[in-house]
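Report on the following structure.
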Amino acid sequence: MSDHTELKRLLDACRAENCNGPREFSKAVGELFDVCTIETIAGLVAENERLAEDASSRAIRSLRGDCQVLVANCDQHKADFKNFHRSLCARFGYFHDDIDWQRDQVSLEEHIATQFSHVSAENAALRSQLETVQREAGRLKAQNEALLDAVTRIMHSARLGDPVFAIACEVVGELSAAATDKGEQS
């Protein structure tokens, strides 16, 4: 890279704010043209082209391209999230503000949490009902087992004869199977 200090000084002298009138400006421009030959201009153009094609410039152009891709990806993610927000609003009965939807995030979260607190209360009530039903099923199972034991003792002590005993055993088996099935269903 060439040293262009003198050329920069002469260009700076040509600026209107640095000149005290037309004569001084004309003199500064004349001095600039005295130094600025065709070869100087051609050298500056060649240097500019070479700098535009060096590794740094290629890296800068590549980074600019990468930045454009990142901005496009960011815009796409923002649009996707906005659509997600819109679908959440629709699903949970909340008004979607198309302009201030980002500011509205906390309100939507609170709205959803409120809805789930009602669901949690319903779940707790259902759990309590289920526990009651399970306790009652356990109580009924215990009663069935006690009845089966009583029937079995009566059959053994009554000496009803083989045919009656066989029928009683069959009934006891059916009662036992029914009690087991009901106990497993609860």
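Quick one: would you say residue 130 is at pLDDT 85 or above, aliphatic (A, V, I, L, M) and over 30 Å from residue 175 (Cβ atoms)? Answer is no for this residue.
Here residue 162 meets each of (1) of a type outside the set (Ser, Thr, Tyr); (2) modelled with pLDDT under 85; (3) touching a helix residue (DSSP H, G or I) at 6+ places or on another chain (Cβ under 7 Å) with one exception, condition (3).
Among the residues of segment 16-47, those that are under 60 Å from the mean Cα position of the chain (by Cα), surrounded by 10 or more Cβ atoms within 10 Å (Cβ to Cβ) and modelled with pLDDT under 85 comprise 18, 40, 41.
Residue-by-condition table, conditions (1) closer than 30 Å to residue 75 by Cβ; (2) in contact with a helix residue (DSSP H, G or I) (Cβ under 8 Å, 6 or more places away or on another chain); (3) basic (Lys, Arg):
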{"residue": "91", "(1), (2), (3)": "yes, no, yes"}
{"residue": "107", "(1), (2), (3)": "yes, no, no"}
{"residue": "110", "(1), (2), (3)": "yes, no, no"}
{"residue": "128", "(1), (2), (3)": "no, no, no"}
{"residue": "136", "(1), (2), (3)": "no, no, no"}
{"residue": "140", "(1), (2), (3)": "no, yes, no"}
{"residue": "156", "(1), (2), (3)": "no, no, no"}
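Among residues of segment 55-71 that are without any contact (Cβ under 8 Å) to a residue 12 or more places away in the chain, those with a Cβ under 9 angstrom from a residue that is in a helix (DSSP H, G or I), sequence gap 6+ or separate chain, pair up as 57/51.
Screening residue 146 against (1) surrounded by 11 or more Cβ atoms within 10 Å (Cβ to Cβ); (2) under 30 Å from residue 174 (Cα atoms) leaves a single unmet condition, (1).
The values are calculated or read from the model by the stated rules, or taken from the named source; none is laboratory data. None of the values given here were measured: they were computed from a predicted structure. With ideal geometry, Cβ positions are generated from the backbone for all residues, glycine too; neighbour counts draw on all protein chains shown.
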